[in-house]
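The values are calculated or read from the model by the stated rules, or taken from the named source; none is laboratory data. Bear in mind that the values here come from a model prediction, so they are computed numbers and not experimental data. So basically every Cβ, Gly included, is an ideal-geometry build from the backbone, and we count neighbours across all protein chains shown.
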Amino acid sequence: MRQLQTGEPVWDLQFDENGKLTSPAQGDFLGETAAAGITDLFAFSHGWDTAPGSALALYNQMFPMIRTAANGLAGIGKIGFAGIYWPSMWFPPTQATPPPPPSSQQADSAAPVALSAGTAALSGADIASALLQGYSDPAQQDAITQIGKLIDEGQAPAGEAESDDLKQQRVQQISQLIQSLVPPPDPSGTFEDSGETALLLTDNPVTDYQAAADVFGSAPQASAQQDIGDWFGKAINGAKDALRVLSYTTMKARAGTVGQNGLGPLLAALHAQSPGIRVHLIGHSFGARLVSFTVAGVGTPANSPIASLLLLQGAFSHWSFAHPQDNPFGIPGALNAYADRVHGPLVATHTVYDWAVGVWYPKASFLAQQDESAVVADRWGGMGSDGFQAVNPAQDQTMPAQGGTNYGFVPGTFYRIDAASVINNTTNEPFSGAHSDIKKPPVAQLAAAAAAAHA
């Protein structure tokens, strides 16, 4: 346990990829929280591509702002904080071509937009080096290393000179290795989009990787000198895009595992020992999925200490909490049965300036979207693009640019918060836009407002 400068206790909770708490020991955490005498614990989870040092920096910036915002609010007592650390990965940084501003899109929606994720410039070694950090299993590490080598050997002059048969074999090998790394599907029968697996589990990687290159903007530029063999360069670039999609779906699955198998049972144990402690869950990006799936692992509503849930630019399906009667698919969302574990409001921010969730997230499911019968009401949308969908009761609100805590939140209600006036800085992230532009006082005030509205 450490402390903020103002004295509030902070616990750094570290989980492995299977959801096991590796530090501190569970008994130590439970004993220290009881001894600290806190009534309100804010537990925050980072998102993708976040090393422990970056997560620590995020928490060190956000926790004091939340403390300031919560200080003196009715319904909030003595405060403590928990930072959640889990092994996330994303992808090497790329120089993406950003979409036009929303006003431009609205002014001329027919104008072509040549989007590019910037994947083509990366080598196989670049990608493998980044992804290796997210795997501890030696067999998976070996598969990642092999994929990187196959890509780089294929793009070397010797590889370019191979026969078409050998080139096709190379693409098939890459696909087989990628398929060995795909997380298993959720057997629950509930609904959460998994359209990205159509690309990852393809039976025709040569064709589908070329299609991926078109969708992600990494297809080689056409020229008069191109010949029939240029299909291979396009397919190899598409294989790099498939690895981006693999990293995305792996982290999405891992976040759910850590929340449901790790943080959820830990909070149930906390409630059993210290029933007076209220827990306020906050998650960013894939961390929003982690804290959301925590509600599925905490046990019955009576065993849950969760008093509020705040999802900051969530990178997972906006249908996850959907009621079957409101869902156009007629299937309950993966978390629909667990919303009552939250004894306060359920809040999700969204902004048009989040390109990671609003632009690239749906593109990962592009092959599945080719099945027109499966496309209903933005099936592949993310939480950070428009908030909870097919939930009831629900309200839409706007985050004021000047901030504040006067949201009037009510327990048991889903809130979609348009945060475009605050989460809007796209200058530092050519790929993800304002996806991580959350370290601001109005965001901390939103967390405090949600926490104060518990039942």
If you take the residues in segment 400-442 that are touching a strand residue (DSSP E or B) at 6+ places or on another chain (Cβ under 6 Å) and more than 15 Å from Leu346 (Cα to Cα), which one is surrounded by the most Cβ atoms within 10 Å (Cβ to Cβ)?
Ala419
Of a type in the set (Gly, Ala, Ser), buried (at least 16 other Cβ atoms within 10 Å of the Cβ) and free of Cβ contacts under 8 Å to residues at least 24 places away in the same chain: is that true of Ala394 in this structure?
yes
Scan of segment 101-134 for residues that are part of a loop (DSSP other than H, G, I, E, B), modelled with pLDDT under 90 and surrounded by 12 or more Cβ atoms within 10 Å (Cβ to Cβ), ordered by number
Pro101, Val113, Leu115, Gln133, Gly134
Kindly establish whether Glu8 is modelled with pLDDT under 95, surrounded by 13 or more Cβ atoms within 10 Å (Cβ to Cβ) and in the same structural domain as His343 (by TED's automatic domain parsing).
no
I need a count of the residues in segment 324-358 that are touching a helix residue (DSSP H, G or I) at 6+ places or on another chain (Cβ under 6 Å) and surrounded by fewer than 23 Cβ atoms within 10 Å (Cβ to Cβ).
2
Take the residues of segment 163-200 that are loosely packed, with under 15 Cβ neighbours inside 10 Å and part of a loop (DSSP other than H, G, I, E, B): which is modelled with the lowest pLDDT?
Gly189
Would segment 378-392 turn up any residue that is under 22 Å from Ala198 (Cα atoms) and of a type in the set (Asp, Glu)?
yes
Among the candidates Ala302, Ala268, Ala296, single out the residue that is assigned to a loop (DSSP other than H, G, I, E, B), in the same structural domain as Met62 (by TED's automatic domain parsing), over 30 Å from Gln146 (Cβ atoms) and among the small types (Gly, Ala, Ser).
Ala296
So Ser274 clears everything in (1) touching a residue at least 60 places away in the same chain (Cβ under 8 Å); (2) more than 27 Å from Asn18 (Cβ to Cβ); (3) surrounded by fewer than 21 Cβ atoms within 10 Å (Cβ to Cβ) except one condition, right? Which one?
(2)
When Asp418 is run through (1) under 22 Å from the mean Cα position of the chain (by Cα); (2) among the charged types (D, E, K, R); (3) at pLDDT below 95, the failure sits at (3)
